[in-house]
Amino acid sequence: MRSAVSVILSSSSPDPNMAHPDYSLTVQSHADMLLMIKHLDEDGDEKWFEQVFSHLSSVKKINLLDSAGNERNITARFVKDYPVGNNDWGDFQTHRKLLGLVSVSKCNSQSELNEYCRLHESLKVKYMSTLFDTRCILFGNCKDLSPPSNFKSTALMYDCALDGCKDELTKHMNELLSSVFWILESKLQERSREKGDKIPMLLAPFEKKDFVGLDMDSRTNKKRCMGRMTKHLGDLSLQAGLPQEALAHYNTAVDVLRAITDWLWLGGALEGLSAVSILLLPMQQKVPTTSTSVQRNSSFQEKSPRTLRPVSAIIERTISLTSVSNIDYIPVAEIKRNYRDAIIHYSKYQNAGFIETEACFKAARFALDQKCVLDAHHYLQGVIQINLVLTEEEKIAKKKKNSDSCHKLGFNRKAAFYKRLAATRYVSARNPMTDWAQCYQLMLQSLPGHRLTLDPADFTQDRLSGWPSLQKQVLQDLVVAAKRLGNSGLATRHMTFLLQVMWRHMNPAERVEAANNLRHVTAQCEGAPVPLVLEDGQVIPAANLLNIPQAENFTVQNLEPHLRPKKLVIAKEDYGPFLFTPLHFGSMDRKQGKFKQTKLDYVWVCGDPCCVTLELSNPLPSPLEVSNILLLTQGVYESIPVSVVLPPESTGQVIKLMGVPKEVGDLQIMGYSTHTLGVKSNCQLSQLTRFPHPPHYSIEVIPALPLISVTTSLDPSATCSLYAGESVTCYVRITNTSEVPITILQLSIDSLIETQDLISWDNADLEKLLPIAPMSSVQMPLHLYGAANFLAVNNDSCSLRSCFFSGPSSLPSFSTPQPVSTSSVSYRSGASSLLSDFSQRHHSDKSCSELHLVVKYSGGESSLKGYCRLASIPLKIDVLPSIMITNCDVLPGEVSSQFYLVLDVVNVTPHEVELRYTEGKSILIEETGSCRVPIPVARCPFSASLLEVEQHVLSQVILHWSIGARTGKASFSGLPFNIDKLDLVKLSPVSWELTVNGSPIESGSEVTGTVGDCLSFDVKLRNCLSHTLSDLTLVLSLFQDHLNGVVDHQMDSKATAVGTTQASISTVEENEAVGHAVGFLFFYPGLYKLSVQCIPKSEPDHTWKLVPPLEIHVT
Amino acid sequence: MAVCVAVVSHNNSPKYIACVNPDNELEFHYKVHTSLDVIEEKLSNTGKSNTESREFYLGILYSTEEHTIYGYVTNTKVKFMIVTETSNKLLRDNEIRAMFRKLHSAYTHIICNPFYVPGDDIKSKYFEQMARSVMVS
C-alpha cells in the first residue's frame, strides 16, 4: 500500500491543492504523530535508504511522564513523502499534520552538504505551517564539514555505516519524538486555555471561501468555533496520549456540532469518537466473541428498515447510551453507527471525498476485525459511490485496494472483479501509459476468484464449476493481454487452454471463432505441450487440444491373424460351475472393473508392426489438417506419424496408427499426440471422456517370433476332387521368412466336419525337418484319402432285407446256391428301383470339405515362454461318390467253412467301373449300373463276439475299383448283421460225421438207395467248442423239396424210420463225439433229403444243422 | 419490474440467467456473480444456528447506483437472484418476495419433470415464460 502511495506522490505534476487518499490509514493513525523521513538524494541508493527508513521508523512508540507525573504513550507514524494538499487538512484532523521532518542522505563533500542543507530548508518551508521539529541526518565523510550559516536545523553527521550508529540514531529519534510531543503538549495546553470569545475559527481547506461575508460574531458561529475547537482538542489529546480526555472532548464536540448542523465537522468528530472508542476497546472486545453476529445483524438491518431489529440489539443500544459516561469504552455497535453517521455526513461534501474514502476503509477494516463481514462490505460498497477526482493510477490503486479488502472479507468473486477492473484500467484508452504487463499480471491474479486455474487437470469434464460465461470472457481477455504483451507463446497457451477447458460451454460459433483465433495466434508462435515459465517464476501448465479433433474411440488392435502369437499349450479356462448365469454378483464392481482394466489380454511381438485405431471427428465447419499423429507410449516404441485432413464436421474418421515395438516387456499406451492449428497436443487417455476406456493401456511385448509362408502342391484356388476311396499324396512347402529359426512345428486340421480319414501325415517326418533355419524352406508329404460311406443305408432297415431276400426261415429252401456260383452273372433285377432309391440320397452324400491345414510353429525366446504362431492354408477336398453298396445279405457257402456275403453294388460315377471284389474276380459295371456280387468269406469261430465277427468279415471284404487310371478301395463298416445270419457267419459249434451203411459220406455228396432197402445212418455229433455241451436234442428228419417252394415234410407214407429220429444227449465233452444211429426204409423211389439238426434245450431258437442237407436218391 | 433474473445452483454455477436487454447480459453476469459472495456470507452466518427456520428471502444483497440485487436461497442451496433498477422506488419488498415465490414454484415445477437432470442448465419454456413474466410485470 505504501508503494501505491509513493506511486501517487511521485507522479509528475501533482496538484498542490489536491488531497490524496491514503488507504493505509488505520484507526491507530488518529493517535499517531506524523513524521516524514525524506531521502534528500532522490536518485541515490534506494536500498540503503530503505534500511535507514526501517531503522528510524522502528522508533515509533515512546513512553513519557508528563508534568503531572502521568504516563503518556506516544506513537508516531512515518512517511517517506507527504502531499501538501493532505497537510492542509491538518486543522480538520490533526493527525494529517506533518509534525516532524527527518531528512537523510549520504554526503561526502562541502558542495553536497550545502545542497542538502538547502533542500532540507526548502522542505521546512514547504511544511512550515505544521512542522514542530526537524533533523538532518547525513552519512559519510562529512564530519569535518560545517553546514552553511543559514542552516538552522539540527544536523547529525555520521562518518560510519548505518550499523555502526544504530543505537545513537535510536536515541536521537527518541529525542526527536519527545521534542515533538512536548511542543504538541504545549499547543494542547495553549488551545485548551483559550477563552470562549477568542476561539479562532478552524477551517477545512475548501471552506475558506464559504465563510466570506458571514457574520463571524453570530451565536451560531461562536458555537461553531467552539465545537470545532473542542473537536480539535480531542484530536490533539488523542495524539498526546490522553484518549479519555479525547473521548470527552469528542462527545462534547458531537453534541455542539450536531446542534448547529455543521455536518463536515460533526462527521470529523464522530470519526474521531469512533477512533478513540476503538482504541479504548478492551482487548476482549477487540477480538469479538460469538455474540457479535447479533450486533452485526442489528447494524445491517438498520440499513434495511423493513426487517425488525432484534430485541437484544435494542437493549444493548439502550445500555450503551446510558452507560457511556460510566464505562470507559463504547460498544462495538455504537462505534459502527458512529462511523456510518460520520460517512454519511462526509458524503454531503464533495470536497471531502478523500476523507470519506479513508473513513470507509478504516471502518471496513474495523468491521473486518470484528468479523462483521457484511458491514465491512457495506462500507466498501460506499467507497465506489464516492466521486473522487483521481488520476488513472490512483483509480487503479483504489481498485486494487478495494480488491484486497474484498479478498480479506472472503469475497473472492468481488475481489477478482475489482482486479479485473484495475487490469482494464491499466490499458484503457484514457490511460496515457498503458501497461500490458501489469494488466496481464492482474488478470492472472483475478483467475482464482472466477474459479479458474491454469492447470487443465483441475477441470474434470463432468463437473460444473464456476461461471462459464465469465470464465470464457476472463480467459479471452487473458489471451488478448498476453498477445499485447508480446508473449505470443503465452497467448497460444491460454487460447489452447480456453479451447480445452471451456469447450463444453461454447456454442458452435464461439468454437469456430476460438479456433480461428488460435490459428491466428499460433502463426506467431507454435504451441507445445510443455509448461511455460514466466519471468517471475510462475509456471503455466501445458494445455492440449483435446476437442480439436475429438477422439471418438481408441482401440489397441491385436496383431494380424497370421502374426498373432498363441499359447502353445492352452490352459483350460475355468468357467466355474455355471456356463452362463444371468445373475451379476456385484454388478457395480464388475462395471468399474471393466472400465479400469488396463492390461490387454493379447500381446504384441517385438519387431512386428502393430496398430492402434483412433476414431477422430472434426467439430469445426472447415477442413481440419491434423498432422503428425503419434502414439504416446512408455517403453521403446517406434511410432509412424500419420497426417490426415478431416472433412468439415465429420465424425468417426478411422485412423490407423502403425508402429513397431522395439523392446520386450510391458508397453504402456498413454494416448496420442497431434499437431493441429499450430498446436502440438498430447492427448492422454485419462483426459478423454467421450468413450469409456481405462486411463492407459498396458500390453505385453514378447520377443520376436519366426514367420513362415506355407504353400501346397495343390492348386489353392481349385478343389481337389477325389472319388470315394481314392488316395492321393500332395506336398506342403514351409518357408521360414524371418530371422528366427523354427524349432517347434505342429500340424493340425481345422474343420467343422470329421476329417480324420481325409488327410493324414507322418509326424516322424515332421520332426526330421526341424529346425528350419532362417530364410530356408522344407517340404513334407501329405496323404489325402477320399473317405466316404459306401453303404447306402435305407431308411427302413426291414425293407433292406425284404427287398429280395425271403427271410431266414426260407434259407434252406435255396436248393442250389445259384447266386454264389463262380459265374460273373449279375442280377439286374430290381436295378432300376435300386437306382431311383439311391439317387435320392446321392446329392446329400456328395461331400465337399473345406478345411484348413494349421501349422503351429515357434522358435527363439518366445518359444520358451510358450508362444507360437499359427499359419493356416485352406484345402478344399471334394469327395465324389464312386460305388455304393445298396444292400447286403449273407448266404450259406459252398463249403461249411465259408459263407457268401452278397452285396448289391451300384456305380454312381458317370464312368464305367471295374470292380475287383475278391481275389482274381472282377466285374465291370456300366455307368450308373448296379450288380450283385458274392464274396466268399471264411466263417469266423463260433465263440467270436459280434464286434469280432464284424471285424472278421470286414477284413476280408475289400472292393477294389478302378476308373480308368484312378483306383481306389471301398471298405465299409457296420454291416447289418442279425442273429439269424450270425449262425451262417459263425462256424457251427458242432461238426457232423455221417456214415451210411458203414461208409462215411462227404458233406454235399449224394447217397443212393433203393426202395425197400434200409439205409442205416450213423450220425456222430462232435463238439468243436472248448467247453462241454449239455442237454441237446438231436433231430433227424426226412423231407422232400419240390424245388418250387413247396417242402413236403409228410413222409409217413413214403418212408419210415427204423429207430428213433430224435435223441436226447445229456452231455458232450469237448472234442468228444456222441453217436446216434437210425435207419430209413423208403417205400417209393424219389429224391429225399435228410436234415440233421441239433437243438440245445436251453436255447430252442438256435439250431445247428448239417449244411447242406443230405440228399438221398432212392431208386 | 426486474431487469434480470438468475438461478444459481448449489455449487454456485449458473443454471439460468435472463435479462431484459440481452446486450447487457455480461454486465449482469458479473453483478450476479459477485453477489454470490454476499449470499455465501449470509448463509455462513445463519446456516449453523437454525437451518429449519431460515427464511428463504435474503433481502438486498447489495445495491449500486443503477441496480439493486435481491437474493433468495432455497433449502437445497439453490439461489435465486433478482436485479431491479435502483431508480425504481415504487417496488415494494412484498412484490420482490412475490416474484421470488413465483420463481421458486416455477423451479419446483421443472424439478418435478422426470426428464430434467438436477444440476443441468434450465432450458424450459415454462420457466422462461415465468421468468419473463417476473421481468415484465
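Just so you know, all these numbers are worked out from the coordinates, no wet-lab data involved. All values derive from a computational prediction rather than experimental measurement. Cβ coordinates were reconstructed from backbone atoms using ideal geometry, including for glycine residues, and neighbour counts include every protein chain displayed.
This model, with +1 at the C-beta of Lys and Arg and -1 at the C-beta of Asp and Glu, gives region B:2-136 a dipole about its Cα centre of some 500 debye. The value of relative contact order for region A:126-250, using C-alpha pairs under 8 Å at least six residues apart, is 19 percent. Cα-based values for region A:988-1114, radius of gyration first and Dmax second, are 14.6, 43 Å.
For the pair A:GLN951 and A:GLU1111, label points projected 7 Å from Cα toward Cβ lie 4.0 nm apart. Its convex hull of Cα atoms gives region A:361-517 a direction-averaged projected area, equal to a quarter of the hull surface, of 10.6 nm².
Given R0 = 35 Å, the distance between the Cβ atoms of A:GLU993 and A:GLU919 translates into a calculated FRET efficiency of 0.70.
Averaging the inverse of every distinct alpha carbon separation and then flipping it gives the Kirkwood radius. What is it for region A:708-786, in angstrom units? After inverting the pairwise mean of 1/r, the radius is 13.8 Å.
Normalised by 2.2 N^0.38 Å, with N the number of residues, the alpha-carbon radius of gyration of region A:89-162 equals 1.22. Scalar couplings 3J(HN,Hα) for region A:908-915, obtained by applying the Karplus form with A = 6.51, B = -1.76, C = 1.60 to θ = phi - 60°, are 9, 8, x, 10, 7, 10, 9, 10 Hz; x denotes Gly and Pro.
Within the same chain, aspartates and glutamates fewer than 8 places from A:LYS599 are excluded, and of the rest, those with a Cα less than 16 Å from its Cα are A:ASP666, A:GLU700. For region B:2-136, averaging the sequence separation of C-alpha pairs within contact (under 8 Å, six or more residues apart) and dividing by the residue count gives a relative contact order of 28 percent.
Which value in Å is the Kirkwood Rh of region A:441-525 over different Cα pairs? Kirkwood hydrodynamic radius for region A:441-525: 12.9 Å.
Please give the FRET efficiency for A:SER650 paired with B:ASP93, using the beta carbon to beta carbon distance and R0 = 51 Å, rounded to the nearest 0.05. Please report the intermediate quantities before stating the final value.
On the way: r = 57 Å, r/R0 = 1.12.
Approximately 0.35, to the nearest 0.05.
Shown in residue order for region A:106-122 are the 3J(HN,Hα) couplings computed by the Karplus curve 6.51 cos²θ - 1.76 cosθ + 1.60 at θ = phi - 60°: 9, 9, 10, 9, 5, 5, 4, 4, 4, 4, 5, 5, 5, 4, 4, 5, 5 Hz (x for Gly and Pro). Each principal axis of the Cα cloud of region A:21-72 was evaluated for its coordinate range; sorted largest first, these ranges are 47, 25, 15 Å. Per-residue extension of 0.36 nm, minus the Cα-Cα distance of A:ASP167 and A:GLU560, leaves a gain of 132.7 nm for this segment.
Taking amide H atoms as placed 1.01 Å from N in the peptide plane, the amide H of A:ILE749 lies under 5 Å from those of A:VAL854, each 5 or more residues away in sequence or on another chain. Only Cα sites of region A:27-190 enter the Debye sum here, all with the same form factor; the resulting log10 I(q)/I(0) across q = 0.14 1/Å is -0.72, listed in q order. Available extension along the chain between A:ASP765 and A:ASP715 is 15.7 nm, counting 0.36 nm per residue and deducting the alpha carbon span.
As an equivalent ellipsoid, region B:2-136 spans semi-axes of 20, 19, 14 angstrom, where each value is the square root of five times an eigenvalue of the C-alpha gyration tensor, largest first. When the listed pairs A:LYS483/A:LYS656; A:LYS166/A:LYS398; A:LYS336/A:LYS400 are checked against a 29 Å cut-off, the alpha-carbon distance exceeds it for A:LYS483/A:LYS656; A:LYS166/A:LYS398. Once you list every other residue whose beta carbon is under 10 Å from the beta carbon of A:PRO781, what net charge do they have if Lys and Arg are +1 and Asp and Glu are -1? Within the 10 Å Cβ shell, the charges total -2. Seen from A:ALA76, the other residues with C-beta closer than 11 Å to its C-beta sum to a net charge of +2, counting Lys and Arg as +1 and Asp and Glu as -1.
Projected label points at A:VAL1011 and B:GLU25, each 7 Å from Cα along the beta carbon direction, are separated by 13.8 nanometres. Whole-Hz Karplus values for region A:383-394 come out as 4, 4, 7, 7, 8, 10, 8, 10, 6, 4, 5, 5 Hz, taken residue by residue from phi with 6.51 cos²θ - 1.76 cosθ + 1.60 and θ = phi - 60°; glycine and proline positions read x.
Set the Förster radius R0 to 22 Å, insert the Cβ-Cβ distance between A:GLU510 and B:LYS123 as r into 1/(1 + (r/R0)^6), and round the FRET efficiency to 0.05.
0.80
Subtracting the Cα-Cα distance of A:SER54 and A:ASN73 from their residue separation scaled by 0.36 nm leaves 4.7 nm.
Can you check what the net charge comes to around A:ALA204, using other residues whose Cβ is under 10 Å from the Cβ of A:ALA204 (Lys, Arg +1; Asp, Glu -1)? Don't skip to the end; give the middle numbers.
Working: positive: A:LYS208, A:ARG228; negative: A:ASP88, A:ASP91, A:GLU207, A:ASP210.
Result for the local shell: -2.
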